[in-house]
Each structure stands twice: as structure tokens, then as C-alpha cells.
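The structure appears right after this line, and notes come after that.
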Amino acid sequence: MVEALLVAAVKSAVMLALVLTVCAYMTLFERRLIAGFQLRYGPNRVGPAGLLQPFADAVKLIFKESFRPAGADPLVYWIAPGIAMITALFVYAVIPLGPTLTVLGRPVPLVVADVNVGILLVLGASSIGVYGIILGGWAANSKYALMGSLRSSAQVLSYELVLGLAVASVVLSAGTLSLVEIVNAQQRVWFAVTQPVAFVLFLLGAIAETGRAPFDLPESEQELIAGYQTEYGGFNFAMFYVGEYVGIVTMGLLAANLFLGGWHGPLLPGPVWVAVKTLAFAFFAVWLRATLPRVRQDQLMALSWKVLIEIGFLNLLVTAAILAWRGG
């Protein structure tokens with residue numbers, strides 16, 4: 001029992017350090033990539049080729065003055081960013097990063113906990129994360145922050161349904177809720193091939209769920225300054241910031257494991273394939289930000305409730321009918 005707890009603790013620490021490092025360099029990846037799209041230089045001064053820029057940004061945010069508006073609720077104001085960051089990191093307890101490896105003659109799964117309802121834990125944690133955004137906007141006692149949090153909550157709840165319907169089609173096809181078993185079910189054919197409609201729905205839902213352009217309505221600076229983050233600074237703002245980039249990496253990992261075969265691929269080791277597929281999703285998200293203009297709030301909500309949810313239900317029904325016919 002003690003050995004199992006020790007192994008889980010070590011895995012959790014390694015996973016936490018890896019995720020935070022990747023998210024820090026996601027900021028550099030996005031800034032340099034958008035600079036290339038716009039034919040300009042990105043951050044390239046701190047360290048060789050700007051590779052130490054994330055560390056400089058982290059030090060700046062840690063030591064930056066943190067303030068609280070006079071009319072803010074003191075307890076909720078400090079708790080809200082922590083809720084957003086902790087719930088974003090919690091899902092990595094069940095997301096696999098590769099196949100089971102053999103270390104010193106013993107099998108070591110590259111996942112903290114392979115539970116048989118892993119995908120439900122991921123969806124549940126993402127649902128709880130919206131509380132941090134709502135409370136952050138409400139506690140700041142600012143109309144701009146409150147409007148941003150209301151927009152974000154409506155957007156997240158709407159597009160969680162789209163994500164859920166896309167994932168449900170994959171779960172039906174794989175016959176399991178375990179992320180490891182879903183990846184194993186794609187040894188021959190990826191679900192992106194057999195479930196193309198669900199894959200497109202997942203991509204759109206993931207972009208909207210993380211508040212990325214062109215669906216970045218909660219932080220539309222021309223209208224709401226910085227949305228629910230307007231009244232936050234210093235380390236509190238950094239926790240919201242980390243939560244946002246953790247969400248991008250999380251959606252990339254889920255896309256890789258649910259639709260792109262996870263660690264299955266030729267020549268390269270399994271964890272490398274997971275990293276490549278996750279990076280491809282991150283590139284897609286940054287590409288959209290550099291290309292498309294922001295949509296209106298009513299267009300965003302109408303797309304979810306009038307188009308994507310209906311398509312998701314129809315795809316789920318067709319998937320269930322095909323599986324029932326094959327089983328019969």
C-alpha cells in the first residue's frame with residue numbers, strides 16, 4: 001500500500017512539473033508562431049532564441065504587485081483563481097501520456113490512475129472549473145468582470161454539451177469509458193476516420209470551451225477590457241492565465257487520445273506520438289487565432305444550440321444504430 005502511494009505521488013509530481021513546463025512554453029510557442037504569421041519578430045531576447053522568456057514572465061508575475069479592489073469580496077476573490085487552476089490540473093490524474101513501459105523489469109503505466117470512468121472525471125472536472133470563472137467575475141465587484149464571467153459560463157456550459165456528444169460517440173464505438181482502453185481500441189483505425197463528424201464537433205467545442213479565438217468572447221478586450229480577469233493582477237492573474245493554457249494542452253491530449261490514436265504510430269516511441277499530436281492541436285488553435293475574426297455573442301450561442309448540438313445528437317443516434325445493426 002505504501003509503495004503504491006509512493007509511486008502515485010512520484011507520478012503526480014512528475015506530471016505536475018511536466019504540465020506546468022509545457023504550459024509555460026505554450027506561451028512562447030503561441031507568441032512566436034503568431035509573429036511568424038504576421039511577418040514580425042516574436043520574443044527572442046531572453047536566452048538563446050528567446051527560450052528563457054517563459055521563466056522571465058513567471059518571475060515578473062510572481063513579484064508583481066497583487067491588489068484587491070475595495071468593493072471586492074475578500075475570500076471569494078482569492079479563492080476563485082485557485083479553483084480555476086486546480087480543476088484544470090486535476091484531469092491529468094487520468095489522462096495517459098503513453099503506453100505502459102518496463103522499468104527495472106516492472107511495468108510502469110504512463111498515467112497516474114487508469115480508472116474505468118476516466119473520461120467522466122475529465123468532463124466533470126471541466127464542468128467544475130467554470131465556478132472559478134463565475135466567482136472571479138462576481139467577487140471583483142466590477143460590471144466588466146461580471147459580464148465576462150456570465151459570457152464565459154454560458155459559453156462553457158453550451159459547448160460542454162457539444163463536447164459530451166462528440167465524446168459519447170467515441171465511447172459507444174470503443175465500448176469503454178477508460179481513456180487507456182479508448183486508445184487501445186484505435187490500434188488499427190483512428191476514431192477521427194470512423195467518427196469524422198464527432199471529431200469536427202470536438203475541435204469546435206474544444207476551441208470554444210477554452211475561450212480561444214474566434215470564440216474568445218469572455219475576454220473581448222474591445223468590449224470588456226479583459227473580462228473576468230480585469231480586476232486581477234500578479235500571481236492571482238497568473239493562476240487564471242495558467243488555467244487557460246492548461247486547458248489548451250488538455251484538449252490537445254484529449255484529441256490525441258480520443259480521435260488520433262494516442263500513442264499508436266510507426267517508428268517513433270509512444271510518448272513522442274502523443275506529444276506530436278498534442279502539438280498539432282495547439283498549432284491549429286494558434287492558427288485559428290491568427291486567421292479568423294471574433295464572432296458575435298449571439299452567433300456563438302446560436303451555433304451551439306441551433307446547429308452543433310443537433311448534429312451531435314444525430315451523429316450519436318446514427319452511431320448507436322450502426323453498432324446495434326452490427327451486433328445483431
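Just a few scattered comments:
- Under the Karplus curve 6.51 cos²θ - 1.76 cosθ + 1.60, θ = phi - 60°, whole-Hz ³J(HN,Hα) for the stretch 25-42, x wherever Gly or Pro sits: 7, 5, 5, 5, 4, 5, 5, 6, 5, 5, 4, x, 4, 9, 6, 9, 7, x
- Note on 291, 210: ascending count of other Cβ atoms within 10 Å places them as 291, 210, the fewest first.
- Near the amide H of residue 101, within less than 5 Å, lie the amide hydrogens of 108, 110, all on another chain or at least 5 residues away, with H placed in the peptide plane.
- Centre separation in Å (Cα based) which lies between the stretch 155-218 and the stretch 242-280: 13 Å
- In the elastic network of the chain, a GNM with C-alpha springs shorter than 10 Å, the most mobile of 20, 308, 135 is 20.
- Top positive-direction residue, dipole computed over the chain with Cβ charges, set 315, 139, 55: 55
- Among the listed values [x] 20.3, 66; [y] 19.4, 64; [z] 21.8, 85, the one matching Rg and Dmax of the Cα atoms in Å as calculated from this structure is [x].
- Here the residues 57, 298, ranked from fewest to most Cβ neighbours within 10 Å of their Cβ, fall in the order 298, 57.
- For the stretch 123-133, 3J(HN,Hα) computed residue by residue from phi via the Karplus equation (6.51, -1.76, 1.60; θ = phi - 60°) reads 5, x, 5, 5, 5, 5, x, 5, 4, x, 5 Hz, glycine and proline entered as x.
- Computed label-point distance, nm, for sites residue 115 and residue 311 using a 7 Å Cα→Cβ extension: 3.2 nm
- Counting only residues at least eight positions apart within a chain, or on another chain, the lysines with an alpha carbon under 25 Å from that of residue 143 are 64.
- Cβ-to-Cβ counts within 10 Å put 106, 32, 151 in ascending order as 106, 32, 151, the fewest first.
- Note on the chain: with a GNM built from Cα contacts shorter than 10 Å, the maximum mean-square fluctuation among 94, 276, 180 falls on 276.
- In degrees, nearest ten, helix 143-174 long axis to first principal axis of the chain (Cα): 10 degrees
- Axis of helix 74-90 versus longest Cα principal axis of the chain: the two differ by about 30°, to the nearest ten degrees.
- Within the listed set 59, 115, 162, the Gaussian network model of the chain (springs between alpha-carbon atoms below 10 Å) gives the highest mean-square fluctuation for 59.
- In a fully extended conformation the segment linking residue 292 and residue 141 would gain 51.1 nm over its present Cα-Cα distance, using 0.36 nm per residue.
Readers should treat all values here as calculations from the given coordinates under stated rules, not as data from a laboratory. On a predicted model such as this, the values are computed, not experimentally measured, just so you know. Cβ atoms come from the backbone with ideal geometry, glycine included; neighbour counts cover every protein chain shown.
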